[in-house]
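So the structure is just underneath, and the comments pick up after that.
The values are calculated or read from the model by the stated rules, or taken from the named source; none is laboratory data. Computed from a prediction, not measured in an experiment: that's the story for all the values here. Don't worry about glycine lacking a Cβ; one is built from the backbone with ideal geometry, like all the others, and counts go over all protein chains shown.
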Amino acid sequence: MLLGAQRFDPSLGAAVSELGVTGRIATITAGWQEREPEDEELSAHLGGRTVNLRLHARGDELFREDPALRDAHRERQASLRHRQDFYRIRLEHELEADRMIRSRAAPPEILAEQVQASLDGIRELDQWHLALCARIRMEFEARWDLANRPSVVRHRRELAEVLAGCDAVAIAGGHVATLVNRLVLFGVAELVAHHTVFAWSAGAMAISDRVVLFHDSPPQGPGASEILDAGLGLIPGVVVLPEPERRLHLDRKDRVQRLVRRFEPATCLALPARSRITWRDGVFSSAHDVLQLRPSGRALPFGVRPRRVSAGHDGASRHPQAHRRAPRRRAGAGLPRGAQLPHRRGHLGHLRVGRPRRQRAAPPLDLRAGVLQRPRARGGHRPLVPHPRNPAQFPRRVQVRDPPRRATAGGSKTRSTPTARATPSAPTRCSRAKATKTPPGPTPTR
């Protein structure tokens, strides 16, 4: 069973009760890394009947006992990281080319051909990277013979003994790369083949056949969905997308459509909080609040078929019941005949129910050109008098320039020196403010 995130709104207990699991439950919290043993809340939620398999701690013990295997494992992880970086570079260029192609103006048939070609290139790159990661893991297991290596066999035998007394396995989220590494290292896929498995968040991604990292608006900037690695393959043909309310823009149909068409024919399932879906005998059943991303760009509840749209005689698309007209509602229906609301009283004063008043026709607009006449000031109007401290009321020194240069008799040009003189401000009619006079005598040059 696949579930939504369990951190803030857990629903694992209800899912366990739905499937009738009454025995012990083995928990896998390796994705929490160093916080693996901090599963008190998870154990209390399940009634204290849990046992932690400690895969992360077992991995550290295994690498301490087998230094050669530890060094080879680190070398393999470094190789996978380098290949992931190069794959991301190619993928970003492919996605940018696809975006540019979609934005170009071209005839519809040519544009559809080029969009499909760019989509095929992205699919081919994804499949090549997924096959490369699977090949590297298979070569590593074959080279070090993990199935028969004594240090690994001992831990796998201990895990098998613990799982023999459990009815179900709960795989939590966390760091998806660490979780996948521990699950593959200890062969958990074979150990839980006959157990009921509950998985959420990164755990749900790990048990699918491919792990897809996605986020439409990550903190570090624009991101692109990318394939990280191959999963356990317990649920094949499914792309698990946990926490879509935080990671996906489901209102952007263009984004959803590109994501679905990229991973076709796989089914893209979005698992919001408190959602769950059961996989039994190769098919899904009993889905609750699970969203399936459709090729049309819509996110619909799983199991709900989209409405079929038929074309009318005019070629316009319409729904099957589009020809049915909604009954017209008479104004004031539901009130006694002739009833009226209070006019201009309270917040409903602008409403009147009943027969509307006859509106007068608005006068025609005069669009002829005309001259606006400025209205004359009344006889008793007085201009505003500034404050006595306003500098505009005192003599102001302005610079008055003389006429331009004049040629003299000798042919030389004389340049006049600008002089400054005081210009009195206009007198006012206020009794408090008196017009000032320019002091006698020559005005010094500035």
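Of note:
- Checking PRO222 against (1) buried (at least 18 other Cβ atoms within 10 Å of the Cβ); (2) under 23 Å from the mean Cα position of the chain (by Cα); (3) over 30 Å from GLU18 (Cα atoms), the condition it does not meet: (1)
- Any chance LEU95 is out of contact with any Pro (no Cβ under 8 Å at 6 or more places or on another chain) and modelled with pLDDT of 95 or more: no
- Residues in segment 109-150 that are aliphatic (A, V, I, L, M), part of a helix (DSSP H, G or I) and in contact (Cβ under 8 Å) with a residue 24 or more places away in the chain: LEU119, ILE122, LEU125, LEU130, LEU132, ALA134, ILE136.
- Test result for ASP216, surrounded by fewer than 20 Cβ atoms within 10 Å (Cβ to Cβ), at pLDDT below 90 and on the phi > 0 side of the Ramachandran plot: no
- The one condition in (1) in contact with a Leu (Cβ under 6 Å, 6 or more places away or on another chain); (2) at pLDDT 60 or above; (3) in a loop (DSSP other than H, G, I, E, B) that LEU341 fails to fulfil: (2)
- Meets criteria (within 20 Å of CYS166 (Cα to Cα), assigned to a helix (DSSP H, G or I), in contact (Cβ under 8 Å) with a residue 40 or more places away in the chain and among the hydrophobic types (A, V, I, L, M, F, W, C)) for ALA199: no
- Taken over segment 180-207, residues that are within 24 Å of the chain's Cα centre (by Cα) and not hydrophobic (A, V, I, L, M, F, W, C) amount to 2.
- Tally, over segment 151-187, of residues that are polar (S, T, N, Q) and assigned to a loop (DSSP other than H, G, I, E, B): 0
- Counting only helices (runs of 4 or more DSSP H) wholly contained in segment 1-76, the ones carrying 2 or more residues that are touching a Lys or Arg at 6+ places or on another chain (Cβ under 7 Å) occupy 55-65.
- Taken together, the residues in segment 1-49 that are in contact with a Leu (Cβ under 7 Å, 6 or more places away or on another chain) and hydroxyl-bearing (Ser, Thr, Tyr) amount to 2.
- In segment 229-245, the residues that are touching a residue at least 24 places away in the same chain (Cβ under 8 Å) reach residues that are of a type in the set (S, T, N, Q) with C-beta atoms within less than 6 angstrom, at least six apart or across chains, in these pairs: GLY231/SER208; ILE235/SER208; VAL238/SER208; VAL238/THR267; VAL240/SER208; PRO242/SER201.
- Exactly one residue out of LEU80, LEU53 is touching a strand residue (DSSP E or B) at 6+ places or on another chain (Cβ under 6 Å), in contact (Cβ under 8 Å) with a residue 60 or more places away in the chain and of a type in the set (A, V, I, L, M, F, W, C): that is LEU53.
- Looking only at residues of segment 36-93 that are among the hydroxyl-bearing types (Ser, Thr, Tyr) and in contact with an Asp or Glu (Cβ under 9 Å, 6 or more places away or on another chain), we find that the one that is surrounded by the most Cβ atoms within 10 Å (Cβ to Cβ) is TYR87.
- Members of segment 154-173 found to be under 30 Å from GLN84 (Cα atoms) and surrounded by fewer than 16 Cβ atoms within 10 Å (Cβ to Cβ), listed by number: none
- Test: ASP126 is within 30 Å of LEU91 (Cα to Cα), out of contact with any strand residue (DSSP E or B) (no Cβ under 9 Å at 6 or more places or on another chain), crowded, with 18+ Cβ neighbours inside 10 Å and of a type outside the set (Gly, Ala, Ser): no
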